[in-house]
Structure formats: structure tokens, C-alpha cells
1. Does the stretch 25-40 contain at least one residue that is modelled with pLDDT under 95, surrounded by 15 or more Cβ atoms within 10 Å (Cβ to Cβ) and outside any loop (DSSP other than H, G, I, E, B)?
2. Take the conditions open to solvent by less than 60 Å² (accessible area, probe 1.4 Å) and either farther than 20 Å from Ala156 by Cα or at pLDDT 90 or above (or both) and apply them to Leu99. Does it pass?
3. Out of (1) in a helix (DSSP H, G or I); (2) at pLDDT 90 or above; (3) touching a Leu at 6+ places or on another chain (Cβ under 8 Å), what's the single condition that is false for Arg51?
4. Could you identify the single residue in Glu139, Glu125 that is open to solvent by 70 Å² or more (accessible area, probe 1.4 Å), in contact with a Cys (Cβ under 8 Å, 6 or more places away or on another chain) and either more than 30 Å from Ser14 (Cα to Cα) or at pLDDT below 85 (or both)?
5. Report yes if Ile94 is without any contact (Cβ under 8 Å) to a residue 40 or more places away in the chain and in a helix (DSSP H, G or I), otherwise no.
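The values are calculated or read from the model by the stated rules, or taken from the named source; none is laboratory data. Predicted model only: the values in this text are computed from it and were never measured. For neighbour counting, all protein chains shown are included, and Cβ atoms are generated from backbone atoms with ideal geometry for every residue, glycine included. These accessible areas exclude ligands, DNA and RNA; they are computed on the full protein's heavy atoms, side chains included. Shrake-Rupley method; radii C 1.70, N 1.55, O 1.52, S 1.80 Å.
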Amino acid sequence: KPTNSMMNLLFLNSRRFFLLLGATSLGLIIVALLFEHVLSLKPCLLCYAQRACVYLVILLSLIGFLHKSQSLIVFRSYIGIAITIIVCGISLSIRQLYLQNLPPELVPTCGPDIDYLFETLPILEVFMLAIRGDGNCAEILWSFLGISIPGWLMVAFCAQFVYAIVSLCISNKLHSKS
């Protein structure tokens with residue numbers, strides 16, 4: 001049965017959850033690095049904030065994957081943390097899409113380079129600036145099928161969100177197969 005094999009691919013056990021979540025996030029980072037270093041697209045503050053969410057999902061997935069003999073409550077906690085990080089990523093993507101769709105006269109002014117910000121400001125202030133975004137975040141540097149990079153990242157985050165919610169709903173079954 002195709003549906004059964006797809007379910008086994010996606011939901012074989014708790015370790016498979018972490019493996020797939022981490023692998024998709026790693027794929028997102030690889031694409032981001034290709035865009036930055038091969039296509040020379042300079043990331044903005046919101047891009048870096050979204051990347052931070054992806055890196056956190058990778059880190060959480062690695063910890064969850066390596067954590068053997070975890071209890072059901074620990075497994076569910078990992079999923080809950082993943083969902084929280086993914087929702088943050090979705091929120092940041094929405095913020096950047098909002099900035100990209102503002103009329104030109106409402107786009108905020110461009111801020112200084114991120115390296116300068118880290119050299120001169122406390123980390124919390126840089127984080128707050130990243131969440132707000134600036135004029136650089138409103139610029140659309142690349143799009144595919146009319147969807148810009150934060151739009152595609154939002155699609156990926158939403159897919160991860162659905163996967164994590166379904167995994168949470170069937171966590172008892174997943175955990176028992178570990």
C-alpha cells in the first residue's frame with residue numbers, strides 16, 4: 001500500500017521524526033548558504049533571524065535523535081519545543097513578507113550592516129532590531145513562481161509545523177516503536 005509506506009517513511013518512530021525534521025532544516029540552511037555564497041545574495045536582519053530558527057531546529061533534532069531511551073514526556077517536550085521554534089520562524093517569515101509588500105513610501109529606512117550592529121550594540125538590541133526588520137528586509141532579491149525567499153521559507157516552516165503537530169498527536173504510537 002502506498003499510504004502505508006508513506007506513513008512508515010514519515011512516522012516510523014521517534015528517531016525518524018528527529019531525522020526528518022533535522023534533514024529538512026539542514027536542506028534549508030544549505031540552500032540559504034548557496035544563495036548567499038554562490039548567488040551573492042546578502043541576507044538581511046530578518047533572514048539571519050529566520051536562519052537562527054532553522055539552526056535551532058537542527059540543534060534540537062540532533063539532541064532528540066541522540067537522546068536514547070527518552071520517556072514519552074521528554075519526546076513530547078522535544079516536539080513542543082520544535083513547534084515553538086517553528087512558529088517563531090513562521091512569524092519572522094510573515095514579518096518579512098509584510099515588509100516586502102509595503103508601498104515604497106512606507107518601507108522603513110535601511111539600517112547598518114549586521115557586523116557593525118554586533119560590534120556596537122548588545123545582543124538583545126540586535127535581536128530586537130532583527131525582529132523589526134529594516135529597508136533591506138523589504139527588498140526582494142530572488143523569487144520563484146512569484147514567491148520570494150521568506151515565502152518559500154514560510155512554506156517549509158508550515159510543512160514542518162504540520163509534521164510536528166501530527167507527530168505530537170500520534171506521539172504515543174511513535175514513542176512505543178522506538
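1. No, the stretch 25-40 contains no residue that is modelled with pLDDT under 95, surrounded by 15 or more Cβ atoms within 10 Å (Cβ to Cβ) and outside any loop (DSSP other than H, G, I, E, B).
2. yes
3. Arg51 satisfies every listed condition except (3).
4. Glu139
5. no
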